[in-house]
Amino acid sequence: MAFYEVIRYQSDVTNWLLYKHPVDEFNNKSRLIVSPGQVAIIVHNGKIEKICEDGTFKINSELLPFLKGFTKAFFGGNNPYPIEIYFVNKILKLNCYWGTSDPIKLTDPKYQIVINVRARGQLGLRLTDYQYFYQTLIGTLMKNSLITFDILQEFFRGKTNQIVKKRLSSYIIDNKISFLEIEPKIDEIQKAIEEELREELVQFGFDIVNLSVESINVPDADFEKLNEILHKKAEYEQLGDQVYRTARGYDVLEAGANNNGSAAAMMGIGMGMNMGNQMNGTSIIPPAQKVEENKEAPAEKCPSCGAIIAPNAKFCAECGTKILRSCPECGTAVTLNQKFCPECGKALYKKEN
């Protein structure tokens with residue numbers, strides 16, 4: 001392989017993270033140029049010899065053994081002291097996107113229906129521990145000479161999904177809040193996800209610059225279910241129990257009547273259920289409450305002495321007066337407080353001897 005006089009990395013690729021330079025042989029005149037926003041890692045015989053920040057560096061005999069050209073001949077033409085140079089992008093990567101790969105199945109704590117919650121957002125990353133990154137991930141991620149942030153996102157996708165699902169579901173269940181109430185809580189959820197994900201990424205030499213939760217949502221079908229329950233709850237609170245139950249009963253019968261294929265059958269079933277249920281107090285349409293329920297008839301009194309007369313009594317238990325409910329002369333119905341018949345003028349009451 002030819003000697004390189006100038007070793008540097010320039011490319012139009014914007015999302016690159018690490019590039020391995022193809023050179024492995026140098027001479028004392030070789031220069032290493034590290035552009036702003038880059039770091040160069042010099043590895044000699046599998047060991048990191050030096051990490052160079054941006055600037056120009058001369059590769060001398062400290063990194064390339066002086067007798068390299070001679071000792072190479074004793075190893076069949078192979079370089080016994082391989083030197084590798086890796087360029088690392090240290091510029092912030094702010095547009096790393098994340099999202100749950102599949103929905104999180106939860107029971108809404110307030111409305112008790114199963115919903116499928118999804119979340120997505122954006123992540124800002126920065127590589128801070130170059131040496132640790134080289135030692136932990138190079139062998140795993142290096143498939144060719146270039147590692148991009150896309151490969152890194154794919155590598156961390158599983159762990160990110162796991163943390164997001166755990167934190168989001170725990171927050172909803174532990175705080176017993178409905179999905180419809182989650183919007184004002186996004187900042188708290190975002191903070192919990194960021195703290196745990198930072199602990200995970202720092203193990204590979206990365207730091208989270210920022211994390212944002214852009215959306216927490218459910219499918220339209222789940223959202224419609226929640227809205228329907230919410231509307232019914234509001235309607236119930238506005239109408240009250242009796243009016244609400246009556247309205248829902250009529251809705252059932254109307255739905256049956258609108259069924260073109262079995263309107264008569266549905267109406268018959270509805271009325272039959274209504275009649276049958278009236279007998280046990282569970283009618284589809286609750287009976288209207290009477291204005292005056294359990295109103296007792298006024299007690300009857302003896303027209304002679306004023307004592308209370310027992311129902312259907314023929315004589316007063318106090319004075320013995322005969323109690324008449326029809327005129328003995330013409331048969332006209334009379335009340336106890338009438339002394340003469342309004343039809344024939346017959347005197348009604350006289351004290352019995």
**Report entry** Residues H44, H231 arranged by fewest to most Cβ contacts within 10 Å
**Finding:** H231, H44
Report task. Quick one: work out Rg over Rh on the C-alpha atoms of the stretch 131-240, Rh as Kirkwood radius. Result -> 1.17
Query - When each of K165/K185; K185/K232; K47/K90; K93/K143; K20/K50 is checked by Cα-Cα distance, pairs over 19 Å - result: K185/K232; K47/K90; K93/K143
Report task. Report, in debye and to the nearest 20, how large the dipole of the stretch 93-218 comes out about its Cα centre when Lys and Arg carry +1 and Asp and Glu carry -1 on their Cβ. Result -> 280
Query raised in the report: Between K50 and residues 5 or more places away or on another chain, which pairs have amide H atoms under 5 Å apart, with H built 1.01 Å from N, and which residues are they?
Result: I42
Query raised in the report: What is the percent of Cα-Cα separations in the stretch 86-177 that go past 23 Å?
Result: 41
Report task. Return the ratio Rg/(2.2 N^0.38 Å) for the stretch 301-353, where Rg is computed over Cα atoms only. Result -> 1.06
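All of the numbers you see were taken from the coordinates with simple rules; none came from a lab. Remember, it's a predicted structure, so these values are computed and weren't measured experimentally. Every residue, glycine as well, gets a Cβ built from its backbone with ideal geometry; the counts of neighbours run over all protein chains shown.
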